[in-house]
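Student: One structure, as structure tokens, below. Some questions next.
The values are calculated or read from the model by the stated rules, or taken from the named source; none is laboratory data. Remember, it's a predicted structure, so these values are computed and weren't measured experimentally. Here Cβ is always computed from backbone atoms with ideal geometry, including for glycine, and neighbour counts include all displayed protein chains.
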Amino acid sequence: MNGILSVGRAIRMGAGAAIVVAIAMSLAPANLAGQALNQPESGVAKPVGVAARDGMVVTQEARAARIGVDILRNGGNAVDAAVAVGFALAVSYPRAGNIGGGGFMVIHRANGEDTAIDYRETAPAAINAKSFLDAQGNADPQKSRMLALAIGVPGTVAGLALAEKEYGSGRFTLADLIAPAIAMARDGITLDDDMTDEQTNILARLAHWPASAKIFLKADGGGLSAGDRLVQSDLADTLQAIARDGPDAFYQGPIAWKIAAAVQAAGGVMTVDDLKDYRAIERAPVRGSYRGYDIVSMPPPSSGGVELLEMLNILEGYDLAHDDETQTLFLMIEAMKRAYADRALFLGDPETIKVPVTKLISKSYAATLRASIDPEHATPASAIRAGGSNDPEGHNTTHFSIVDRFGNAVSNTYTLNFSYGVGLVADGTGVLLNNELDDFAAKPDTPNAYGLTGFEANEPGPGKRPVSSMTPTVVLKDGKPFLVTGSPGGSRIITAVLQVIVNVIDRGMTIADAVAAPRVHNQWVPDQVFAEPTVPPDIVAALQARGDKVVPQRPFTSAESILIAPEGFIGAADPRSHGAVAIGY
Ligand code: DON
């Protein structure tokens, strides 16, 4: 274990802040004091925790992180910083940061209150249960993933504006917080190597739409390269209009007209009324407890918080701190299967169906599920509930965690669904649009792009919000933030968050190790355990011997996390993301 790795553990054991900060700084080059860039050499990333006393921002992109830290330094709170980072990533990390998509923000306030802002996209009014079927009545992935029909009414602008209005410090206007994003869009940014995309499916998605190709592709159709400059003048104008006139500038008037016109010209059904009717919704977070910690996470339409609590409740009945690694992973996998089966059946938009949240997150329900687990033998998915099939594909979303010196914490995950969403920029706006409606169950028991099945509870319908897996989470100890975490990764998000929490609370890992540790994932259907290549072969063999089908899969998730101790903050950027960074001050 190197010096920085020991920082998180030192803090957990109550070491003094000065020592902690000194350790981090003595190991970092002078100009990187208080921050760590995850740039793996020879493909091996070292888990690095970054210590700071007054504030911490952990994101997947460094420019946006610096913007957030500047806001904190200038007296802003974590919500101010989150809003600035949210707008900044729309410019500097366009594959997932966005104003044309949606997401969720969980806020813990210094006064002890918790809240959740749901800015998930909604289905346009013309969407119905059959919208994503072909002529034979089968789910048509082209419609829900590749065509403009897949585009949900974007929620990000409304969500960030609501967060700022209700929970910002009041020291900054919305315009102040958008200003750095406008400057980056207008002046351009020089692309780093992790911001370029070579994957043919992504390039094809952008090439399909001339308005997108002219911004994100070279004249020959190739992707932009490291060192190229990305200038987004139309996006700068759009952001400027939002800064000047507030979120209505996005949802009504010329920008909304252009978005609706572009979607309809591309064959979609979004109207100006759909945009005008969009509302971000403030919701009570789901809450539960785990071994004396309080878990505060995202309620429906996310499945994240509910399923995270369901899994933690199941696991609380085991002594994971003393189990060996195989047994811990095995039990987590068994909990995953049961939670994801419930996700498929019960989760939907709470505005249109009653999700049995109270039951699903109850300790007594977890006890009945635990009783069905054989600690030595894997339960086949079919024994839990009838299944479907899988069609995995890798995409992108982005998560950031922020804490301030006042005691506020923000956990935010937002997305366009796939990298660059559906790939369509609404001409004249610079706004890349999502393909979030693939998160509906296009047809009962038919998998979406992440292999997730669903039933009537998550069927497409007018104005509905598709079920999400995004799991922005704040863990509290004695009512104060202890851990802020979340991740991109489609269906794998919830299990990534689970493993970070278990790794810290049960396995006593530093936050950097907890984030870096190899992850496994099971989502009930398909009946497979996806294991990162770094899961040791003897553990893979042991899981297989118990009856799990283990399938290697490249890392999908990126859990940008912060551990909070009385002595200071430890930021852990996930080494799986090349550009991820923790910056504190
Ligand atoms: O809301 C969801 O669950 C998905 N649309 C998230 C997609 C995602 O995380 C892609 N990231 N790699």
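Student: Would you say SER144 is over 27 Å from ALA82 (Cα atoms), in contact with a helix residue (DSSP H, G or I) (Cβ under 7 Å, 6 or more places away or on another chain), assigned to a helix (DSSP H, G or I) and among the hydroxyl-bearing types (Ser, Thr, Tyr)?
Tutor: So SER144 fits the description; yes.
Matching residues to (1) acidic (Asp, Glu); (2) farther than 27 Å from GLY407 by Cα; (3) surrounded by fewer than 22 Cβ atoms within 10 Å (Cβ to Cβ):
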{"site": "VAL497", "(1), (2), (3)": "no, no, no"}
{"site": "MET509", "(1), (2), (3)": "no, no, yes"}
{"site": "ARG519", "(1), (2), (3)": "no, yes, no"}
{"site": "VAL551", "(1), (2), (3)": "no, yes, yes"}
{"site": "ARG554", "(1), (2), (3)": "no, yes, yes"}
{"site": "PRO575", "(1), (2), (3)": "no, no, yes"}
{"site": "ALA582", "(1), (2), (3)": "no, no, no"}
{"site": "TYR585", "(1), (2), (3)": "no, no, yes"}
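Student: If the Cβ limit is 6 Å and pairs must be 6+ apart or interchain, which residue in segment 477-492 that is farther than 16 Å from PHE406 by Cα and among the small types (Gly, Ala, Ser) pairs with which residue that is within 8 Å of the ligand (Cβ to nearest atom) and in a strand (DSSP E or B)?
Tutor: From segment 477-492, the pairs are GLY486/THR413.
Student: For segment 191-230, name all the residues that are surrounded by fewer than 14 Cβ atoms within 10 Å (Cβ to Cβ), touching a residue at least 40 places away in the same chain (Cβ under 8 Å) and touching a Gly at 6+ places or on another chain (Cβ under 7 Å).
Tutor: Scanning segment 191-230 gives a single hit, ARG229.
Student: Go through the residues of segment 491-504 one by one and say whether even a single one is modelled with pLDDT of 95 or more, part of a loop (DSSP other than H, G, I, E, B) and more than 16 Å from the ligand (Cβ to nearest atom).
Tutor: no
Student: Restricting to segment 442-463, name every residue that is buried (at least 24 other Cβ atoms within 10 Å of the Cβ), away from the ligand (no atom under 13 Å from the Cβ) and within 18 Å of GLY304 (Cβ to Cβ).
Tutor: Hit for segment 442-463 is THR453, nothing else.
Student: Please count how many residues of segment 531-561 are free of Cβ contacts under 8 Å to residues at least 60 places away in the same chain and within 16 Å of the ligand (Cβ to nearest atom).
Tutor: Total meeting the criteria: 2.
Student: Here's something else I'd like to know. Out of the residues in segment 333-355 that are touching a strand residue (DSSP E or B) at 6+ places or on another chain (Cβ under 9 Å) and either part of a loop (DSSP other than H, G, I, E, B) or among the β-branched types (Val, Ile, Thr) (or both), state the one that is farthest from PRO460 (Cα to Cα).
Tutor: So, considering only residues that are touching a strand residue (DSSP E or B) at 6+ places or on another chain (Cβ under 9 Å) and either part of a loop (DSSP other than H, G, I, E, B) or among the β-branched types (Val, Ile, Thr) (or both), the one farthest from PRO460 (Cα to Cα) is ILE333.
Table: residues versus (1) small (Gly, Ala, Ser); (2) out of contact with any Gly (no Cβ under 7 Å at 6 or more places or on another chain); (3) under 30 Å from PHE250 (Cα atoms).
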site: ARG279; (1), (2), (3): no, yes, yes
site: MET298; (1), (2), (3): no, no, yes
site: SER302; (1), (2), (3): yes, yes, yes
site: GLU307; (1), (2), (3): no, yes, no
site: THR326; (1), (2), (3): no, yes, no
site: LEU329; (1), (2), (3): no, yes, no
site: MET332; (1), (2), (3): no, yes, no
site: LYS337; (1), (2), (3): no, yes, no
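Student: Under 6 Å by Cβ, and 6 or more places apart or on different chains, what pairs join a residue from segment 69-90 that is of a type in the set (Asp, Glu) with one that is part of a helix (DSSP H, G or I)?
Tutor: Going by the 6 Å Cβ cut-off, the qualifying pairs are ASP80/ILE71.
Student: Please report, ordered by residue number, the helices (runs of 4 or more DSSP H) entirely within segment 149-226 with at least 1 residues that are touching a helix residue (DSSP H, G or I) at 6+ places or on another chain (Cβ under 7 Å), farther than 30 Å from LEU133 by Cα and of a type in the set (D, E, K, R).
Tutor: 156-167, 174-187
Student: Filter the helices (runs of 4 or more DSSP H) completely within segment 247-321 down to those with at least 2 residues that are farther than 19 Å from VAL484 by Cα and of a type in the set (Asp, Glu).
Tutor: 272-277
Student: Could you tell me whether VAL474 is more than 16 Å from the ligand (Cβ to nearest atom) and farther than 30 Å from ASP237 by Cβ?
Tutor: yes
Student: How about segment 252-308: which of its residues are within 16 Å of the ligand (Cβ to nearest atom), more than 18 Å from GLU121 (Cα to Cα) and of a type in the set (S, T, N, Q)?
Tutor: If the condition is that a residue be within 16 Å of the ligand (Cβ to nearest atom), more than 18 Å from GLU121 (Cα to Cα) and of a type in the set (S, T, N, Q), then SER297 is the only one that fits.
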